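The values are calculated or read from the model by the stated rules, or taken from the named source; none is laboratory data. Predicted model, so just to flag it, every value in this text is computed and none were measured. Counting neighbours? That spans all protein chains shown, and the Cβs are built from the backbone with ideal geometry, glycine included.
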Amino acid sequence: MNPPADSAALSPLDDVRARIAQSCRIARRAPEGVTLVAVSKTKPAEAVLDLIAQGQRVFGENRVQEAQAKFPAIREAHPDVAVHLVGQLQSNKAEDAVRLFDCIHSLDRPSLLAALARAMDKVGRRVPLFVQVNIGAEEQKGGCAIADLPALLGEARAADLPVEGLMCVPPAGIEAAPFFALLARFAADHGLAGLSMGMSEDFETAVTLGATHVRVGSALFGARHA
Ligand SMILES: *Cc1c(COP(=O)(O)O)cnc(C)c1O
C-alpha cells in the first residue's frame, strides 16, 4: 500500500500512525481499537526515549535479557510506558517475564502455560497473554500448531490465565492477508477479541483484517543490523 502523499514531511512515528488511521477508515474501525507496539529489539534506549518524547508509550522486545537491560531504567523515568514480549519465551524465564512485561504475545505450548501460571501465582501479577499460532504450518516457526490450538486454549481457561487473543507471524515472502484472515477466524471461533498481527511490511493489511495490536519495528526505528 502507498503511504499518504505528504509522508515525506512526517516523522516515522507519525507516518505509521497515519497509515494505521487510514486503514481504520477503510475498514470502518475506530483507531483507538489498534495498539501500536513499537518493536525496539536491538535498538538502544536512546531510540526508545526518542519515541517516548514523540508520545509513543507501548514497546515490544523479543528477548527477556535485552528488555531487562533497557526497560527498568526507562520506566523509572516514564512509569506509563508498557513493554510487551513479542519473541519466544523459555519456560525457565517465565518468572522474569511475568515480573517485567505488561503483555506476552508468545504463549505456544503447554509447558510454557504451566510455567506462566506458576510464575503469575508466585509474583502475584496477571499478565495478559496472546497465544501464538503457527499459522503457515512452517517447520521452524514458533507458535502452536493449528490442530493444537483448541486444547491449548482449553488448558489456559482451566488455569484461569488471562488470554486476550491470538498472535501470528505469517510465512515470509508471500501475501499475508489469507493468514491474517485465518487467524481472525480462529479468534472469533474461540470468542477472543485480541489479534496481534502485522509488522512493518504488512500492518495496514492486518488492520483492515481486524488487528488489535500491530508490532512494528523497522518502519519506526530503521533497519536492524544485528
Ligand atoms: C522483530 C519483530 C517484529 C517487528 O518486525 P519489523 O519487520 O521490523 O516491523 C514484529 N513481531 C515479531 C514477533 C518480531 O520478532
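The strands (runs of 3 or more DSSP E) falling completely within region 1-92 that include 1 or more residues that are within 28 Å of Leu107 (Cα to Cα), modelled with pLDDT of 95 or more and among the charged types (D, E, K, R) map to 58-61.
May I ask you to say which residue of Arg215, Arg224 is in contact (Cβ under 8 Å) with a residue 40 or more places away in the chain, touching a helix residue (DSSP H, G or I) at 6+ places or on another chain (Cβ under 7 Å) and within 12 Å of the ligand (Cβ to nearest atom)?
Working: Arg215 fails: touching a helix residue (DSSP H, G or I) at 6+ places or on another chain (Cβ under 7 Å).
Result: Arg224 is the single residue among Arg215, Arg224 that is in contact (Cβ under 8 Å) with a residue 40 or more places away in the chain, touching a helix residue (DSSP H, G or I) at 6+ places or on another chain (Cβ under 7 Å) and within 12 Å of the ligand (Cβ to nearest atom).
Return a yes/no flag: does region 3-15 have any residue that is under 25 Å from Leu195 (Cβ atoms) and in contact with a strand residue (DSSP E or B) (Cβ under 7 Å, 6 or more places away or on another chain). The answer is no; no qualifying residue exists.
Given the criteria in contact (Cβ under 8 Å) with a residue 40 or more places away in the chain, out of contact with any His (no Cβ under 8 Å at 6 or more places or on another chain) and surrounded by fewer than 16 Cβ atoms within 10 Å (Cβ to Cβ), does Pro150 qualify? So Pro150 does not fit the description; no.
Residue-by-condition table, conditions (1) of a type outside the set (A, V, I, L, M); (2) surrounded by fewer than 22 Cβ atoms within 10 Å (Cβ to Cβ):
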site	(1), (2)
His105	yes, no
Ala115	no, yes
Asp121	yes, yes
Lys141	yes, yes
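Please enumerate the residues belonging to region 180-195 that are touching a residue at least 40 places away in the same chain (Cβ under 8 Å) and aromatic (Phe, Trp, Tyr). Residue satisfying the conditions is Phe186 alone.
Among the residues of region 43-81, those that are within 16 Å of the ligand (Cβ to nearest atom) and closer than 20 Å to Glu32 by Cβ comprise Leu51, Gln56, Val58, Phe59, Gly60.
Answer yes or no as to whether Arg75 is surrounded by fewer than 19 Cβ atoms within 10 Å (Cβ to Cβ), under 30 Å from Gly124 (Cβ atoms) and out of contact with any Ser or Thr (no Cβ under 7 Å at 6 or more places or on another chain).
On the way: surrounded by fewer than 19 Cβ atoms within 10 Å (Cβ to Cβ): yes; under 30 Å from Gly124 (Cβ atoms): yes; out of contact with any Ser or Thr (no Cβ under 7 Å at 6 or more places or on another chain): yes.
Here the answer is yes, as Arg75 does meet what is asked.
Quick check on region 158-187: of everything there that is among the hydrophobic types (A, V, I, L, M, F, W, C) and more than 18 Å from the chain's Cα centre (by Cα), which residue is surrounded by the most Cβ atoms within 10 Å (Cβ to Cβ)? Looking at the filtered set, the residue picked out is Ala159. All of Pro150, Pro128, Pro170 fail the test of being closer than 20 Å to Met197 by Cβ and touching a helix residue (DSSP H, G or I) at 6+ places or on another chain (Cβ under 7 Å), apart from Pro170.
Which residues, counting only those in region 172-206, are within 16 Å of the ligand (Cβ to nearest atom) and either part of a strand (DSSP E or B) or among the basic types (Lys, Arg) (or both)? Correct list: Gly194, Leu195, Ser196. Kindly provide the set of residues from region 127-171 that are among the basic types (Lys, Arg) and either on the phi > 0 side of the Ramachandran plot or within 14 Å of the ligand (Cβ to nearest atom) (or both), ordered by number. Hit for region 127-171 is Lys141, nothing else. Scan region 151-168 for residues that are over 24 Å from Val214 (Cα atoms) and assigned to a helix (DSSP H, G or I) and the total you get is 5.
Is there a residue in region 127-145 that is in a helix (DSSP H, G or I) and at pLDDT 95 or above? No; the residues of region 127-145 include none that is in a helix (DSSP H, G or I) and at pLDDT 95 or above.
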